[in-house]
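Presented below is the structure to which this report refers.
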Amino acid sequence: MLQHFQPDGGLDVPVAGYLLHRQQRQTLYYMRLIEHEIPKLVAFRKPFVPPTAATPLVIRSVDFAGEQHPLTAKRSVVVPVAHLPLRNEVAFHRAKLLAGVRWMPGPPRDSGVSADEDAAKHGFIKIACEDFPRANMNLKWISDTLDKLVLEANAEGEAPYQRLPLDTRHLDSKVRKSKKGDHIRGRGGLRPSLKDFPTEWLPKRQENVISSILPSQ
């Protein structure tokens, strides 16, 4: 039977040629999709409407085109403090204190929020969560935490919070890590010191000692 098989004379394509043909077929397939299917997406086009005070939250998510990844359940929320329903300037200051390291004077680079004058008046708060297996659970935790923050910031009383300065050590650390020279020679701003601590929070004996040490303001 072997005499019936004619030698191909080296005309067959090697394995690398078959791989190249398969790659070309895949490229042509996606080129056809771009030419015939992509124009149909124009029907789903929506005009961009910037967020207003009625919708201050900006939710950020990550998707890997349908692939399973632990990061797809993570949700991040950025909100301008000026757009939160806070009653007065004391509540704004208290919200910044409660936010801690999650407060920043400017919007995060990946937030999609523009630093306009009205929104950036009191800075921004960013809260992220990836502790739960589903995205809606993480978003619900962020929403509940933000509601608690607003409720606590609008609480009456606790006047000493008005004199407590903001802790900006996380901002100073970020400036130092960027290594752009803004952290040298006091360019990063003034840090809170002992003179900024409310003396009425101290016992009477310690208050007298501290008052004698601090310079007169």
### Query
Hey, which of the strands (runs of 3 or more DSSP E) in region 37-151, taking only ones fully inside, have at least 3 residues that are of a type outside the set (Lys, Arg)?
75-80, 124-129
### Query
For ARG102, are the conditions met, namely being surrounded by fewer than 20 Cβ atoms within 10 Å (Cβ to Cβ) and at pLDDT 90 or above?
yes
### Task
State all residues of region 107-134 that are modelled with pLDDT of 85 or more and either buried (at least 17 other Cβ atoms within 10 Å of the Cβ) or under 20 Å from THR52 (Cα atoms) (or both); if no residue qualifies, say none.
HIS122, GLY123, PHE124, ILE125, LYS126, ILE127, CYS129
### Query
Taking region 41-93, which residues are within 18 Å of the chain's Cα centre (by Cα), closer than 14 Å to ILE125 by Cβ and open to solvent by 40 Å² or more (accessible area, probe 1.4 Å)?
LEU57, ILE59, ARG60, HIS83
### Yes/no for ILE210 being open to solvent by 50 Å² or more (accessible area, probe 1.4 Å) and at pLDDT below 80
no
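The values are calculated or read from the model by the stated rules, or taken from the named source; none is laboratory data. None of these values were measured; they are calculated from a predicted model. A quick note on method: Cβ atoms are made from the backbone with ideal geometry, for glycine too, and the neighbour counts reach across all protein chains shown. Heavy atoms of the whole protein, side chains included, go into the accessibility calculation; ligands, DNA and RNA do not. Shrake-Rupley method; radii C 1.70, N 1.55, O 1.52, S 1.80 Å.
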